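Everything on this sheet refers to the single structure shown next.
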Amino acid sequence: MGAVERQRRMVSRAVRRFGGSSLVTLRRRHTLVEGIAGEVPESLSADGAQSSGSGTLRLRSSEGDLEGILPAGLRVTVGGQAYEVQADARASGGSILCTISPSLVANVDDGAAATLEAWREYTVDGMTGSRRLAMLGAESVVSEGQVVAIAALGAEVEPRVGDLVYLSGEAQELTEVRPVQSGDQPAGWVARWGAA
């Protein structure tokens, strides 16, 4: 067993032992806004005709300006087919280019509607509100309260600033995420949250 695997198991054991309920629900959301008013779009349009088999999808806003990020893992639906964004895509001007999977299963007409998934929910092993977070390298944030430790398990979704964490039924936004390192790879993360 390698050093990373040993530390991941240690983080997992600590989270399970001290975390009470070991499951923490998080949501990854897109940060796209469009137009002068900065409204959050529910859909965009295909930016030009695009061919079946393409591994990318270019989208545009009907409001002209588009800013923000469509993160990896969220889905875009075009012509009844859902595609998962494979890497964070940043809007530039009025459009955004996404790497998708699967590749386009059919030709996409210019202006075709593309529905955006608002968020993707995922569940991780985690713990909150314990001084024993210091065991996981959280000494600098433990004194501030409002922290959550997340073990790198299962699908190993990496928490990010901006993700929402659900604690006691309320959504809180992760404002800082620090890895618990073991060599080059994280064995877990310690995150600080604030009001969403």
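A short reminder: the numbers here are calculations on the coordinates, not readings from a lab. Source: prediction; values computed, not measured. Here the Cβ is made from the backbone with ideal geometry for all residues, glycine too, and neighbour counts use every protein chain on show.
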**OP:** Note the full-extension length gain between Asp110 and Ala49 as 0.36 nm times their separation in residues minus their Cα-Cα distance, in nm to one decimal.
**Re:** 21.5 nm
Subject >> Positive-end residue of Ile69, Thr56, Ile96, charge dipole of the range 33-117 with Cβ unit charges >> reply: Thr56
Original post:
According to the Cα gyration tensor, what semi-axes, each the square root of 5 times an eigenvalue, does the equivalent ellipsoid of the range 33-117 have, listed from largest to smallest in whole Å?
Top reply: 20, 14, 10
**OP:** Could you give the size of the charge dipole of the range 33-117 about its Cα centre, using +1 on the Cβ of each K and R and -1 on the Cβ of each D and E, expressed in debye and rounded to the nearest 20?
**Re:** 300
